[in-house]
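A.B. asks: Structure incoming, see below.
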Amino acid sequence: MDKHRILIIEDDRTIARLLADTLRKYHYEVRAAEDFDRILEEEADFSPHLILLDINLPSYDGYYWCRQLRQRTTVPILFISARSGEMDQVFALENGGDDFITKPFNYEIVLAKIRSHLRRSFGEYAPKQEERTIRLGRLELYPERMELHAHGEEIPLQKKECVILELLLSESPKVVTRERFLEELWDDQSFVDENTLNVNMTRVRKKLAEYNIKSQIETVRGAGYRFIADREEA
């Protein structure tokens, strides 16, 4: 089973490092946020199973970021804060948080809460949901696993690669516009360089070639891209 991924959004570098070191000892994959103005991009890139979120952060507080994150993810969000007032805990829950841990905290309690929320969301207590599968001929994409299955192989994908292929396969043979790719891949298109999408598309093409997939991603000049299934794979 893959490791659960935990994103730490904490601007106290010492606390973030200690938390990360402790969680890695218990075989979690951990990332500590670096740019506190780009929290949504950090979440999108890492695709965590659980988020630890401080309240006092630069620019915008944790309540704000929790509301923003809730527009795109349902994973457990646990607030960690030196604030201990009842209203702070009420605000945390009302703004989309699932739990509240007061600093200084006992690491065993933190671990127990993390395990509990992960069990409810992804483990034995999680509601059973049918896994999405996008099929195009002999190609099968599993978005939740971020895997493409082809020729008997399970091909691992990065998150942006998976989003690109999901759009292309589900719409094939229709054209997917550049604007739609930008909307799905990045929240704020105004800060996306024109070449960024091209770079990501090149990576997907290279991955398909690396696994001998003959289907092609065709560039439609002035419009976008479309997926052309190879006859043998259709």
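A.B. asks: Within the stretch 110-132, how many residues turn out to be modelled with pLDDT of 90 or more and of a type outside the set (A, V, I, L, M, F, W, C)? I'd like the intermediate steps shown before the answer.
C.D. replies: First pass over the stretch 110-132, keeping only residues modelled with pLDDT of 90 or more: 110-118.
Then keep just the ones that are of a type outside the set (A, V, I, L, M, F, W, C); that gives 113, 115-117.
Summing the residues that are modelled with pLDDT of 90 or more and of a type outside the set (A, V, I, L, M, F, W, C) in the stretch 110-132 gives 4.
A.B. asks: Just checking, how many residues over the stretch 160-178 are open to solvent by less than 60 Å² (accessible area, probe 1.4 Å) and in a helix (DSSP H, G or I)?
C.D. replies: 12
A.B. asks: Consider only pairs whose beta carbons are under 7 Å apart and that are at least six residues apart or on different chains; among these, list those whose first residue lies in the stretch 32-45 and is under 17 Å from L182 (Cα atoms) and free of Cβ contacts under 8 Å to residues at least 40 places away in the same chain and whose second residue is of a type outside the set (A, V, I, L, M) and surrounded by 15 or more Cβ atoms within 10 Å (Cβ to Cβ).
C.D. replies: Close Cβ pairs (under 7 Å, with a partner that is of a type outside the set (A, V, I, L, M) and surrounded by 15 or more Cβ atoms within 10 Å (Cβ to Cβ)) amount to E43/T73.
A.B. asks: Let me ask you something else. Can you name the condition, by its number, that T202 falls short on among (1) modelled with pLDDT of 90 or more; (2) crowded, with 17+ Cβ neighbours inside 10 Å?
C.D. replies: The number of the failed condition is (2).
A.B. asks: Could you go through the stretch 169-177 and let me know if any residue there is in contact (Cβ under 8 Å) with a residue 24 or more places away in the chain and within 25 Å of R38 (Cα to Cα). It would help to see each step written out before you state the result.
C.D. replies: Step one: list which residues in the stretch 169-177 are in contact (Cβ under 8 Å) with a residue 24 or more places away in the chain, which gives 169-177.
Add one more test, that the residue is within 25 Å of R38 (Cα to Cα), and what stays is none.
No, the stretch 169-177 contains no residue that is in contact (Cβ under 8 Å) with a residue 24 or more places away in the chain and within 25 Å of R38 (Cα to Cα).
A.B. asks: Moving to a separate point now. Evaluate the following for Y28: is it open to solvent by less than 30 Å² (accessible area, probe 1.4 Å), within 30 Å of E161 (Cα to Cα), touching a residue at least 12 places away in the same chain (Cβ under 8 Å) and outside the structural domain of K159 (by the TED database)?
C.D. replies: Answer is yes for this residue.
A.B. asks: OK, next. Kindly state which helices (runs of 4 or more DSSP H) lie completely within the stretch 50-123 and contain at least 1 residues that are farther than 24 Å from D37 by Cα, out of contact with any helix residue (DSSP H, G or I) (no Cβ under 9 Å at 6 or more places or on another chain) and open to solvent by less than 80 Å² (accessible area, probe 1.4 Å). Steps first, please.
C.D. replies: On the way: elements: 62-70, 86-94, 107-122.
Fully inside the stretch 50-123 and qualifying: 86-94, 107-122.
A.B. asks: Looking at (1) acidic (D, E); (2) in the same structural domain as E184 (by the TED database); (3) open to solvent by 80 Å² or more (accessible area, probe 1.4 Å); (4) at pLDDT 90 or above, can you tell me which one E147 breaks?
C.D. replies: Looking at each condition in turn, E147 falls short on (3).
The values are calculated or read from the model by the stated rules, or taken from the named source; none is laboratory data. On a predicted model such as this, the values are computed, not experimentally measured, just so you know. Neighbour counts are summed over all protein chains in view; Cβ atoms, including those assigned to glycine, are modelled from backbone coordinates with ideal geometry. With ligands, DNA and RNA removed, areas are computed over all heavy atoms of the protein, side chains included. Shrake-Rupley method; radii C 1.70, N 1.55, O 1.52, S 1.80 Å.
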